[in-house]
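Every read-out reported here was derived from the displayed coordinates using simple, explicitly stated rules and does not represent laboratory data. Computed from a predicted structure; not experimentally measured. All Cβ positions, glycine included, derive from the backbone under ideal geometry; neighbour counts span all protein chains shown.
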Amino acid sequence: MITEVTDATIAQTIADNSVVLVDIWAEWCGPCKAMLPILESFSDQYGDRLVVAKLDADSAECSETVKEYGIRSIPTMILFVNGEEIQKMVGAKDRLQLDLLLGQHIITDI
């Protein structure tokens, strides 16, 4: 299950989970929509080791987070491990690219 986060909830989500992949997206963004099945797959397959969180870049409830992380393009994905930002990726990614990124931190069976 993908977790929706806002300015009010993102810090706690990151603090409460060892590995969090935050997807910063918008409803009108085609590449963002293309990422959804991949992110849902990761959430379903690795939900015991990974939280996939979505943050709507166009929402007033998320504007502070967008500013804080310097988001200029979407989709942007930020990987947090043990509360620390490990990597930021801009643009749509395929399953293999995300496997390689996450493999270092959670995936042992690819």
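Things worth noting here:
- Sites residue 73 and residue 48, calculated FRET efficiency, Cβ-Cβ separation with R0 22 Å, nearest 0.05: 0.10
- In region 4-70, chymotrypsin sites (Phe, Trp or Tyr not before Pro) in a DSSP loop with at most 16 other beta-carbon atoms within 10 Å: 28, 69
- Candidate aspartates and glutamates - alpha carbon under 12 Å from residue 88, same-chain residues fewer than 8 apart omitted: 23
- Cysteines without a disulfide-compatible neighbour (Cβ-Cβ under 4.7 Å), the chain: 62
- For region 13-101, size of Cβ-based charge dipole, Lys and Arg +1, Asp and Glu -1, in debye: 320
- Between residue 82 and residue 100, the modelled label-to-label distance comes to 2.5 nm, taking each label 7 Å out from Cα in the direction of the beta carbon.
- Cα-based shape type of the chain, given that a ≥ b ≥ c are square roots of the gyration tensor eigenvalues and the cut on a/c is 1.5: oblate
- The calculated FRET efficiency for the pair residue 41 and residue 64, based on their C-beta separation and a Förster distance of 30 Å, comes to about 0.50.
- Ranked list, fewest to most other Cβ atoms within 10 Å of each Cβ, for 54, 67: 67, 54
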